[in-house]
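The values are calculated or read from the model by the stated rules, or taken from the named source; none is laboratory data. Please read these numbers as outputs of a predicted model, since none were measured by experiment. Cβ placement follows ideal geometry from the backbone for every residue including glycine, while neighbour counts extend to all protein chains displayed. Remember, those area values only see protein heavy atoms, side chains included, never the ligands or the DNA or RNA. Shrake-Rupley method; radii C 1.70, N 1.55, O 1.52, S 1.80 Å.
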Amino acid sequence: MSEDTLIAVEGVSKRFCRSLKKSLWYGIKDLGSEIRGRRHGGDGHLRPDEFWAVDDLSFEVKRGECLGLIGRNGAGKTTLLRMLNGLIKPDAGRLTMRGRVGALIALGAGFNPILTGRENIVVNASVLGLTRREINDKLEQIVDFSELGDFMDMPVQSYSSGMTVRLGFAVASALEPDILLLDEVLAVGDIGFRTKCYNRIHSLANRTAVIFVSHNMPQIARLSTKAMLMSSGRGELFEDVFPAIEAYNALFAHCRRTDWHLAPGVTLDYIKINGRQDQEAISLRTGEPLAVEVRMALPATVTAIEAQVSILEPSGDVIAGINSLLSDVPLAISAPTKSVRLSIASPSLNLGTGAKLLSVGVKDANSRLVLIRAHSAWSLNVSGDRFISAPVYFPASFSLDEDIPC
Amino acid sequence: MPTRLAQDRPEDVPPDLPLTVYTPDSSLASPAKMIRDMLRDLLASRELAWRLAVRDISAQYRQAALGILWAFILPLANTLIWIFLSGAGVIKVGETPIPYPLYVFTGTMLWAILMDAINAPLRQTIAAKPMLAKLNFPREALLVSGIYQTLFNAGIKIALLLVMLPFTGVDLGWGLLLFPIALASLILVGTAIGMLLTPVGILYTDIGRALPLLMQFLMYLTPVIFPMPKGGAAAIVIGLNPLTPIVVTARDWLTGVSAEHLMGFSVVNLLAVLLLLGVWIVYRLAMPILIERMSS
């Protein structure tokens with residue numbers, strides 16, 4: 001372990017029990033064997049109704065690094081944090097922490113609603129491990145950080161939940177730890193406050209080893225220098241954050257909310273993407289052309305249509321679009337009710353790499369009525385020679401000139 | 001991705017940082033380290049315990065209209081009932097060295113202090129569940145905070161008794177100087193018993209429910225509202241009750257009566273010290289296991 005490594009996790013595992021009664025009984029048995037001096041975790045096997053919450057995890061975090069811990073709910077992230085924080089014992093392996101540990105996990109721990117904000121600051125700071133001297137020195141700084149003004153001297157039970165978080169974070173911001181454990185605490189608060197929190201964490205990040213748990217991928221991308229994707233207790237370490245985020249998004253690719261809508265009187269024969277029909281997952285390389293073909297029969301009232309294609313992130317945010325109105329091409333229908341074939345072609349789809357979603361829509365150009373709508377009906381797997389983190393990129397030309405006369 | 005500028009690198013990294021290693025091994029496997037950790041945590045917890053105690057006491061009395069009166073309302077009510085029953089001849093109690101109302105009042109107050117001490121560890125630990133499951137702080141702080149609060153409540157009771165006693169015509173003897181020892185003993189024994197019950201009490205709520213009933217039952221097996229019986233089966237049982245010597249000695253020293261049970265008093269206190277060390281170790285070992293299993 002080098003001088004700079006502050007967190008070292010080697011082969012750590014933890015088992016949990018599914019049923020409450022069995023869990024309590026196992027608790028008593030574990031207590032008994034602990035008192036008899038036996039190793040926790042027995043012989044490494046699972047007892048009835050148990051499962052591995054954390055399964056053979058190993059990684060290191062050095063000072064100045066930030067490990068983003070991502071995964072679905074129940075993957076084992078919080079269990080790992082609790083072991084790092086010394087709250088529960090591992091069943092196998094070893095965790096080594098060097099330096100003072102600061103946890104931004106439960107903001108406002110130790111708050112008593114009857115007491116005022118100011119009184120609670122002192123209690124909370126004490127629970128977090130600040131000494132009396134540190135609390136005295138930093139009290140004003142904490143009060144200012146929270147921006148609660150007159151509310152400071154009112155009982156905490158009159159605070160809104162946002163204000164309680166402000167107060168809790170203000171106290172936590174006074175910590176000067178060597179290791180920082182962050183568990184989704186940046187989810188609440190207004191933008192001004194969140195920015196303040198980010199700035200504080202950034203200013204600490206160079207001097208500390210950070211482990212950051214979040215479901216907010218942009219936050220992970222901002223703060224982390226490397227990432228670990230956890231699922232069912234197992235962890236996959238990524239030296240680069242973006243592939244980890246792509247892998248995380250890929251977990252949800254099948255969860256897209258597909259929405260088909262056909263207006264009455266519309267018959268849809270098929271929609272082909274890049275020449276293929278009936279294929280829900282499409283692979284393409286970034287920059288390659290996209291071809292969409294729709295064969296349909298429309299009611300007699302429709303004389304012109306508007307065609308559109310949308311590309312979305314797995315989260316549902318629209319990142320790019322194709323629309324016939326933008327190219328000034330009137331799509332007129334002279335013989336309505338007959339079967340027509342709509343072809344949409346884009347020479348080069350400049351998408352970032354990773355999992356995306358595709359939607360196709362046809363509208364009546366005059367009445368704006370939606371005729372056909374296939375929302376998130378296809379998942380795109382965009383690959384490329386290198387990772388492109390932006391959702392959409394534009395081609396550009398570059399040159400580097402030396403010997404320029406001034 | 002965040003960038004690190006050259007000038008952000010810390011120049012002087014302190015060479016020795018506190019090192020903490022978590023393994024599945026039981027702490028009992030390395031006893032010397034365990035004892036060092038216990039003492040270190042106890043020292044580290046003083047300040048936090050004080051802050052927690054101040055927090056709880058402030059909150060408790062800020063909300064209560066009757067405020068400090070609650071410290072002795074229950075013993076007072078208890079006393080009045082027993083005086084009434086005894087005076088009306090419904091209950092016949094033997095001779096008491098001091099006037100019966102005073103005997104009962106001091107007895108119930110001292111018993112209330114003991115009960116306070118017994119209840120404190122479990123109550124403090126349950127109240128701190130949200131913190132315990134999420135933050136790492138010296139767990140001893142909860143126990144010491146409980147002791148501080150018990151001392152505070154005891155202080156109010158004792159203050160009242162000390163104000164009252166001169167007016168009742170009781171001769172306060174030199175025993176009063178020894179009374180703080182008796183008070184410490186009540187708290188020592190109570191805390192040890194309370195800590196014994198805490199680990200299982202966290203997991204199974206039965207203990208928390210059964211405790212008040214058990215304490216009530218025990219009160220009738222201790223010379224609190226009646227004097228020590230002279231003979232018979234009752235005398236044997238009450239004589240064997242470890243709580244008897246400490247309650248009786250405390251009352252004797254407080255009210256200027258010569259203490260007769262000093263042998264029992266010393267033995268019980270010695271056992272209590274050993275018990276306290278034992279349950280302290282169990283409490284520490286149990287905490288991570290309890291946190292795993294309890295709801296947060």
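Would you please give the FRET efficiency between A:GLN277 and A:GLU236, computed as 1/(1 + (r/R0)^6) with r the Cβ-Cβ distance and R0 = 41 Å, to the nearest 0.05?
Step by step, r from the Cβ atoms, then E = 0.70.
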Inset, instruction - Could you list the GluC sites (Glu not before Pro) in region A:1-85 that lie in coil according to DSSP, counting only those with at most 15 other Cβ atoms within 10 Å of their Cβ? - result: A:GLU3
Legend entry - Förster-model FRET efficiency, 35 Å R0, A:ASP56 and A:SER389, C-beta, rounded to 0.05: 0.70
Legend entry - Per-residue ³J(HN,Hα) for region B:64-74, Karplus 6.51 cos²θ - 1.76 cosθ + 1.60, θ = phi - 60°, Hz, x for Gly and Pro: 8, 5, 7, x, 5, 4, 4, 4, 10, 5, 5
Inset, instruction - List the accessible area buried at the contact between A and B, summed over both sides and calculated with a 1.4 Å probe, in Å² to the nearest 100. - result: 5300 Å²
Legend entry - In sequence order, calculated HN-Hα J values of region A:94-111 (Karplus, 6.51, -1.76, 1.60; Hz; x Gly/Pro): 8, 10, 10, 10, 10, x, 7, 9, x, 10, 9, 10, 10, 6, x, 5, x, 5
Legend entry - For region A:255-402: span of alpha carbons on each principal axis (Å, largest first): 64, 38, 25
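Could you do me a favour and compute the accessible area per residue for region A:23-108, 1.4 Å probe, result in Å²? Could the numbers behind the result be given before it?
Values: 3160 Å² over 86 residues.
I get 37 Å² per residue for this part.
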Legend entry - Degrees separating the helix A:20-35 axis from the principal Cα axis of chain A, which is the longest one: 40 degrees
Inset, instruction - Enter the accessible area per residue of region A:255-402 (Å², integer; probe 1.4 Å; all protein chains in place). - result: 57 Å²
Legend entry - Interface residues, region A:112-138 - accessible area loss of 30 Å² or more versus chain alone, probe 1.4 Å: A:ASN112, A:ILE114, A:LEU115, A:VAL122, A:VAL123, A:SER126, A:VAL127, A:ARG132
Inset, instruction - Please name the residues of region B:277-296 whose accessible area, counted over protein heavy atoms with a 1.4 angstrom probe, falls by no less than 40 Å² between the chain alone and the full protein assembly. - result: B:LEU285, B:PRO288, B:ILE289, B:GLU292, B:ARG293
Legend entry - Spatially proximal aspartates and glutamates relative to A:LYS363 (Cα-Cα < 18 Å; intrachain offsets below 8 disregarded): A:ASP259, A:ASP269, A:GLU293, A:GLU306, A:ASP328
Inset, instruction - Filter the cross-link list B:LYS134/B:LYS157; A:LYS14/A:LYS196; A:LYS77/B:LYS33; B:LYS92/B:LYS230; B:LYS92/B:LYS157; A:LYS226/B:LYS33 down to pairs whose alpha-carbon distance in this structure exceeds 25 Å. - result: B:LYS134/B:LYS157; A:LYS14/A:LYS196; A:LYS77/B:LYS33; B:LYS92/B:LYS157; A:LYS226/B:LYS33
Legend entry - Hz values of 3J(HN,Hα) by residue in region B:130-143 - Karplus curve (6.51, -1.76, 1.60), Gly and Pro given as x: x, 6, 4, 6, 10, 10, 9, 9, x, 5, 4, 4, 5, 5
Inset, instruction - Keeping the other protein chains in place, figure out the carbon and sulfur percent of the accessible area of region A:5-253, with a 1.4 Å probe. - result: 52 percent
Legend entry - List of region A:28-63 residues, accessible area with partners at least 50 Å² below that of the chain alone (1.4 Å probe): A:ILE28, A:LEU31, A:GLU34, A:ILE35, A:ARG39, A:ARG63
Inset, instruction - With a ≥ b ≥ c taken as the square roots of the eigenvalues of the C-alpha gyration tensor of chain B, please select rounded if a/c is under 1.5 and otherwise prolate if a/b is larger than b/c or oblate if it is not? - result: prolate
Inset, instruction - Compute the distance in nm between two label points, each set 7 Å from the Cα along the Cα-to-Cβ direction, one at A:SER203 and one at A:LEU251. - result: 3.4 nm
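Calculate, for B:ARG40 and B:LEU271, the FRET efficiency according to 1/(1 + (r/R0)^6) with r their C-beta to C-beta distance and R0 41 Å; round to the nearest 0.05.
0.95
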Inset, instruction - Kindly provide the trypsin sites (Lys or Arg not before Pro) of region A:243-328 that DSSP labels as loop, not H, G, I, E or B, and whose Cβ sees at most 14 other Cβ atoms within 10 Å. - result: A:ARG257
Inset, instruction - May I ask you to give the percent of accessible area on region B:89-210 that is carbon plus sulfur, with a probe radius of 1.4 Å? - result: 70 percent
